[in-house]
Amino acid sequence: MAHLIDGKQFAAKLREKMTGQIASIKADHNIVPGLAVVLVGEDPASQVYVRSKGKQAKECGITSIEHKLEDTTSQEFLLNLINEMNNDPAINGILVQLPLPKHIDSAKVLEAIDPAKDVDGFHPINVGMLSTGGKGMVPCTPLGSLMMLQDYHGDLTGMTAVVVGRSNIVGKPMFNLLLQQSCTVTMAHSRTKNIEDVVRAADIVVAAVGVPELVKGDWIKPGATVIDVGINRIQLEDGKTKLVGDVHFESAQKVAGAITPVPGGVGPMTIACLLYNTMVAACRHNNVELPAA
Ligand code: GUN
């Protein structure tokens with residue numbers, strides 16, 4: 001049976017380390033990192049995310065500001081709010097929760113955020129920084145996935161990795177992060193031919209396609225490490241619902257060397273990395289070194 005990579009525990013350890021680092025930034029420089037989260041509309045999943053972001057930020061010593069706006073909010077209002085936050089020195093991180101209502105151009109909104117405050121790492125400047133190896137902001141879910149891989153394996157140099165799913169939020173940045181770590185990386189997606197064979201060639205599999213239980217046990221190389229980014233709610237025959245990943249956990253755990261569960265794998269790491277990015281941004285804005293953990 002595969003080793004279970006416990007994202008919940010890893011995230012709790014990371015938050016504990018950050019709490020100490022944030023306390024020392026305050027003690028030494030009188031800086032308190034500030035995170036602003038903007039939620040437009042009433043999407044229930046987004047409301048849950050935003051609530052946990054705010055709660056965990058405060059627990060780590062980060063000031064958390066929430067802007068909850070009506071779903072009829074105009075794009076102009078949102079752009080003005082972002083502009084104000086870009087100019088507010090107390091705010092180090094700005095996150096606009098996606099998806100946005102249809103009448104708002106998401107790309108335009110994300111591009112309005114100061115790249116130095118873009119703790120989601122979605123601004124085109126940060127996307128470019130990641131692919132050229134610059135000092136930008138790295139998207140939270142891929143960053144959390146990489147941290148877990150490095151914690152388990154140490155150096156990833158020379159390993160073969162397959163990323164399944166080519167989204168801008170996870171797949172593409174994950175590809176670049178693994179490449180930066182000198183993995184030999186393949187990007188697989190819905191049009192990849194013989195995808196099972198492509199996945200079976202990899203020492204590391206990152207599944208981020210949004211298709212429930214797509215990656216089966218017999219797609220996986222024996223002993224490989226599997227990071228399951230998917231969170232899908234499926235309906236069971238008895239009418240109940242269940243959260244599953246993009247990997248068929250039951251068959252995969254019999255073949256893999258290590259695997260992240262859903263829930264309790266990548267999910268908790270995403271929020272922890274958002275707080276990490278906010279702490280890093282606060283240090284960069286004030287020209288202070290990030291204290292050792
Ligand atoms: N909606 C779901 N996940 C995310 C995320 O990581 N960032 C933002 N901004 N919106 C999301």
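The values are calculated or read from the model by the stated rules, or taken from the named source; none is laboratory data. All figures in this text were calculated on a predicted structure; none of them were measured in a lab. Ideal geometry is used to build each Cβ from the backbone, glycine not excepted, and the neighbour counts take in all protein chains shown. These accessible areas exclude ligands, DNA and RNA; they are computed on the full protein's heavy atoms, side chains included. Shrake-Rupley method; radii C 1.70, N 1.55, O 1.52, S 1.80 Å.
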Out of the residues in the range 226-240 that are assigned to a strand (DSSP E or B) and without any contact (Cβ under 8 Å) to a residue 12 or more places away in the chain, state the one that is nearest to the chain's Cα centre (by Cα).
Arg233
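A quick yes/no check of all residues on (1) in contact (Cβ under 8 Å) with a residue 40 or more places away in the chain; (2) closer than 22 Å to Glu76 by Cα:
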site: Ser106; (1), (2): no, yes
site: Tyr152; (1), (2): yes, no
site: Ala161; (1), (2): yes, no
site: Phe175; (1), (2): no, no
Can you confirm whether the range 196-210 contains a residue that is under 20 Å from Ala2 (Cβ atoms) and surrounded by fewer than 16 Cβ atoms within 10 Å (Cβ to Cβ)?
yes
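In the range 228-240, is there at least one residue being of a type outside the set (Phe, Trp, Tyr), over 22 Å from Gly267 (Cβ atoms) and open to solvent by less than 50 Å² (accessible area, probe 1.4 Å)?
So in the range 228-240, the residues of a type outside the set (Phe, Trp, Tyr) come out as 228-240.
Keeping just the survivors that are over 22 Å from Gly267 (Cβ atoms) gives 237-239.
Checking which are open to solvent by less than 50 Å² (accessible area, probe 1.4 Å) leaves us with 239.
Within the range 228-240, one or more residues are of a type outside the set (Phe, Trp, Tyr), over 22 Å from Gly267 (Cβ atoms) and open to solvent by less than 50 Å² (accessible area, probe 1.4 Å).
Residues being within 16 Å of the ligand (Cβ to nearest atom) and either among the β-branched types (Val, Ile, Thr) or buried (at least 21 other Cβ atoms within 10 Å of the Cβ) (or both): count how many of those fall in the range 165-188.
Residues of the range 165-188 within 16 Å of the ligand (Cβ to nearest atom): 165, 167-174, 177.
The next check asks that each one be either among the β-branched types (Val, Ile, Thr) or buried (at least 21 other Cβ atoms within 10 Å of the Cβ) (or both); those that pass are 165, 169-171, 173-174, 177.
The number of residues fulfilling the criteria is 7.
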Only one of Val138, Val109, Val127 is within 13 Å of the ligand (Cβ to nearest atom) and closer than 19 Å to Val280 by Cα. Can you tell me which?
Val138
Of the residues Ser145, Ser182, which single one is polar (S, T, N, Q) and at positive phi?
Ser182
For the range 1-13, enumerate the residues that are buried (at least 18 other Cβ atoms within 10 Å of the Cβ), in a helix (DSSP H, G or I) and either away from the ligand (no atom under 16 Å from the Cβ) or modelled with pLDDT under 95 (or both).
Phe10
In the set Ala36, Ala57, which member is in contact with a helix residue (DSSP H, G or I) (Cβ under 9 Å, 6 or more places away or on another chain), buried (at least 22 other Cβ atoms within 10 Å of the Cβ) and assigned to a helix (DSSP H, G or I)?
Ala57
State whether one or more residues within the range 177-192 are closer than 21 Å to Gly265 by Cβ, in contact with an Asp or Glu (Cβ under 9 Å, 6 or more places away or on another chain) and not in a loop (DSSP other than H, G, I, E, B).
no
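In the range 147-163, what count of residues is obtained for those that are within 30 Å of Val109 (Cα to Cα) and either within 15 Å of the ligand (Cβ to nearest atom) or open to solvent by 20 Å² or more (accessible area, probe 1.4 Å) (or both)? Working first, answer last.
Residues of the range 147-163 that are within 30 Å of Val109 (Cα to Cα), as a first pass: 147, 163.
Subset that is either within 15 Å of the ligand (Cβ to nearest atom) or open to solvent by 20 Å² or more (accessible area, probe 1.4 Å) (or both): 147.
So the count comes out to 1.
Identify, please: which residue in the range 39-54 is of a type in the set (A, V, I, L, M, F, W, C) and surrounded by fewer than 16 Cβ atoms within 10 Å (Cβ to Cβ) and is, among those, nearest to the ligand (Cβ to nearest atom)?
Pass one, the range 39-54, residues of a type in the set (A, V, I, L, M, F, W, C): 39-40, 45, 48, 50.
If we keep only those that are surrounded by fewer than 16 Cβ atoms within 10 Å (Cβ to Cβ) as well, we get 45, 48.
Numbers: Ala45: 8, Val48: 10 Å.
Once the filter is applied, the top-ranked residue is Ala45.
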Mind checking which residues of the range 241-293 are touching a Leu at 6+ places or on another chain (Cβ under 7 Å), under 19 Å from Val163 (Cβ atoms), open to solvent by less than 30 Å² (accessible area, probe 1.4 Å) and not in a strand (DSSP E or B)?
Asp246, Cys273
